[in-house]
1. Being in contact with an Asp or Glu (Cβ under 9 Å, 6 or more places away or on another chain) and either hydroxyl-bearing (S, T, Y) or without any contact (Cβ under 8 Å) to a residue 40 or more places away in the chain (or both) is true for just one of B:V52, B:V64, B:V142. Which residue is that?
2. Name the single residue, out of those in segment B:114-138 being open to solvent by less than 10 Å² (accessible area, probe 1.4 Å) and assigned to a strand (DSSP E or B), that is farthest from the other protein chains (Cβ to nearest Cβ).
3. Among (1) out of contact with any Gly (no Cβ under 7 Å at 6 or more places or on another chain); (2) open to solvent by 40 Å² or more (accessible area, probe 1.4 Å), there is one condition A:G55 misses while meeting the rest; what is its number?
4. Suppose the filter is modelled with pLDDT of 95 or more, open to solvent by less than 80 Å² (accessible area, probe 1.4 Å) and either on the phi > 0 side of the Ramachandran plot or facing chain B (nearest Cβ under 8 Å) (or both); does A:V114 pass it?
5. Do you know which of the residues in segment A:69-100 that are under 25 Å from A:I10 (Cβ atoms) and surrounded by fewer than 16 Cβ atoms within 10 Å (Cβ to Cβ) is nearest to the other protein chains (Cβ to nearest Cβ)?
6. When residues of segment B:90-113 are filtered for being over 22 Å from B:F156 (Cα atoms) and either under 12 Å from the mean Cα position of the chain (by Cα) or open to solvent by 20 Å² or more (accessible area, probe 1.4 Å) (or both), how many remain?
7. Being touching a Leu at 6+ places or on another chain (Cβ under 7 Å) and open to solvent by 30 Å² or more (accessible area, probe 1.4 Å) is true for just one of B:E192, B:E212. Which residue is that?
8. Being more than 9 Å from chain B (Cβ to nearest Cβ) and within 14 Å of A:S110 (Cα to Cα) is the filter; apply it to segment A:1-18 and report the residue that is surrounded by the fewest Cβ atoms within 10 Å (Cβ to Cβ).
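The values are calculated or read from the model by the stated rules, or taken from the named source; none is laboratory data. Only a predicted model underlies this, so the values are computations on that prediction, with no experimental measurement involved. Positions of Cβ are backbone-derived with ideal geometry, glycine not excepted, and every protein chain shown enters the neighbour counts. These area figures cover heavy atoms from the full protein model, side chains too; ligands, DNA and RNA do not enter into them. Shrake-Rupley method; radii C 1.70, N 1.55, O 1.52, S 1.80 Å.
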Amino acid sequence: MHELGLAMDIHRTCREAVAPHGPGRLEWVKVAIGELTAVEPELLAFAWQAVTQDGPDAGARLEVEWRAARQCCPGCGGTVERPRGTWLYQCPTCERVLAVEGGDELEVLSVGFVPSGEGAGDG
Amino acid sequence: MGDTVDVRQRILAANEAAAAELRRSFQAQGTLVVNLISSPGSGKTTLLERTVERLAPGLRLAAVEGDIATERDAERLRRMGIPARQILTGGACHLDARQVQTALAEAAFPPVDVLFIENVGNLICPTSYDLGEDFKVALLSVTEGADKPFKYPAIFARAEVAVITKADLLPHVDFDLEAVRAQVAILRPGGEFFVTSSRTGEGIEAWCALLERRLEAKRA
């Protein structure tokens, strides 16, 4: 369950990024998660909620952009489509062994930040 | 409405910074560092015991052992005559670079040629955490399923070396070695692949020769 540690790192990263903008709260966070990072988006969302629920960022949305690893053919140059969670042994067109690219993304892309004083009813 | 703040930062940046510091320090000391990752019970510590028998005292070895509880693994390696430091994670499923920094500072090992970091038994969580190692090793015992590389692609894609353990049991289990070899080759083209048995000694020589080669290359 390393998602809890990751959620804490995401929160710290976001807070550092918005620090120059003064006080306020996070409204949403967009992260990129690659297929080869062994991170489960649903568990990450649950951990995010747990990490933020007692602070000023309670209720901030975590949006996950899922990045699939690509199996590319070094022979014909094509990227071969495959269902999530499955792997292909060889290129269906030319039968070459496929190479794996990408899928290791683990990044905070951007955050929505509401400075204090904006938005009626803010605490 | 709020403002959109562009961040574009790696989530594990803090861990990666600590890992980079470790890597610089290992480089300065000429220490080869190996991060061993597998399910619980795949034979990480036993492989290390055979490795110590083969390489020590010619090479100065040390180990950092990650476990949720007990000093048992570190004690096993100390009995083999090498310094070993136990990290008790108290439930956490992986080691991170800051824990390794603290453990090494506290352990104050004498100069070391090869440092083994035995991660918490887990094929999933340790995958994302760089510990400043030269390479990761994924171990897979023949009593586990032959579909494991495709089921846990992250670790087999990131481990430069795959080691099959308990090969002496092959006649007794349905384990398609060639299927595993093919899966690993797809996830990690050009990776090293060893078939070992800590009981019979099969493959231990080749595994140790890899460590010697990599140490020499690092110091060249």
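1. Working: B:V52 fails: in contact with an Asp or Glu (Cβ under 9 Å, 6 or more places away or on another chain); B:V64 fails: either hydroxyl-bearing (S, T, Y) or without any contact (Cβ under 8 Å) to a residue 40 or more places away in the chain (or both).
Every option except B:V142 fails the conditions.
2. B:V114
3. Of the numbered conditions (1) out of contact with any Gly (no Cβ under 7 Å at 6 or more places or on another chain); (2) open to solvent by 40 Å² or more (accessible area, probe 1.4 Å), the odd one out for A:G55 is (2).
4. Numbers: modelled with pLDDT of 95 or more: yes; open to solvent by less than 80 Å² (accessible area, probe 1.4 Å): yes; either on the phi > 0 side of the Ramachandran plot or facing chain B (nearest Cβ under 8 Å) (or both): yes.
Answer is yes for this residue.
5. Step one: of segment A:69-100, the residues under 25 Å from A:I10 (Cβ atoms) are A:69-70, A:84-85.
When the remaining residues are screened for being surrounded by fewer than 16 Cβ atoms within 10 Å (Cβ to Cβ), the result is A:84-85.
Numbers: A:R84: 11, A:G85: 9 Å.
Within segment A:69-100, the match that is nearest to the other protein chains (Cβ to nearest Cβ) is A:G85.
6. The number of residues fulfilling the criteria is 14.
7. Values: B:E212 fails: touching a Leu at 6+ places or on another chain (Cβ under 7 Å).
None of the others qualify; the one that does is B:E192.
8. Within segment A:1-18, the match that is surrounded by the fewest Cβ atoms within 10 Å (Cβ to Cβ) is A:R15.
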